[in-house]
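The values are calculated or read from the model by the stated rules, or taken from the named source; none is laboratory data. Predicted model only: the values in this text are computed from it and were never measured. Using ideal geometry, Cβ is built from the backbone for each residue, glycine included, and neighbour counts are taken over all protein chains shown.
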Amino acid sequence: MLTKIDAQLQDYDSRVGNSLQMISVDSQGRISVEDLEKALAVIKHKPDEEVGHLVIEKLDADKDGFVELDHLLELVKEEGLGQHSLNFTRGVN
C-alpha cells in the first residue's frame, strides 16, 4: 500500500512541477500570452475559454503578445486572489 501511495505522490509531483514551470518571466518582466493561456488551461478552477480570452485581452492591452508581470500581479491584488502564494521571480529566457 505504501508503494502505491509513494508512486501516486511521485506522479502528482511530476505533473504539478511541470505545470508550475510552464510560465516563465523574461528579463523585461513579461509573460508570453501563450504561456498564460497554457497555465489557465491547467489550473484547478480554470475559467471557461471565453473568460480566459477576456482576461488575457485585458492584460495584453497593447496586443504585443506579452503580459507585464506587474499588470498580472496588480490584477491579482485588485481581485484579492492568492496574494500570499504568488511569488514570481524575474528570470531570463
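Observations
- Where a residue in segment 43-64 is under 27 Å from Q28 (Cα atoms) and its partner, wherever it lies, is assigned to a loop (DSSP other than H, G, I, E, B), with Cβ under 7 Å and at least six apart: V55/P47
- Pick from segment 1-42, criterion loosely packed, with under 10 Cβ neighbours inside 10 Å and among the polar types (S, T, N, Q), ranking: modelled with the lowest pLDDT: Q21
- Search result, residues across segment 66-81 that are assigned to a helix (DSSP H, G or I) and in contact (Cβ under 8 Å) with a residue 24 or more places away in the chain: L69, D70, L72
- Some residue of segment 52-65 being of a type outside the set (D, E, K, R), in a helix (DSSP H, G or I), modelled with pLDDT of 75 or more and touching a strand residue (DSSP E or B) at 6+ places or on another chain (Cβ under 8 Å): yes
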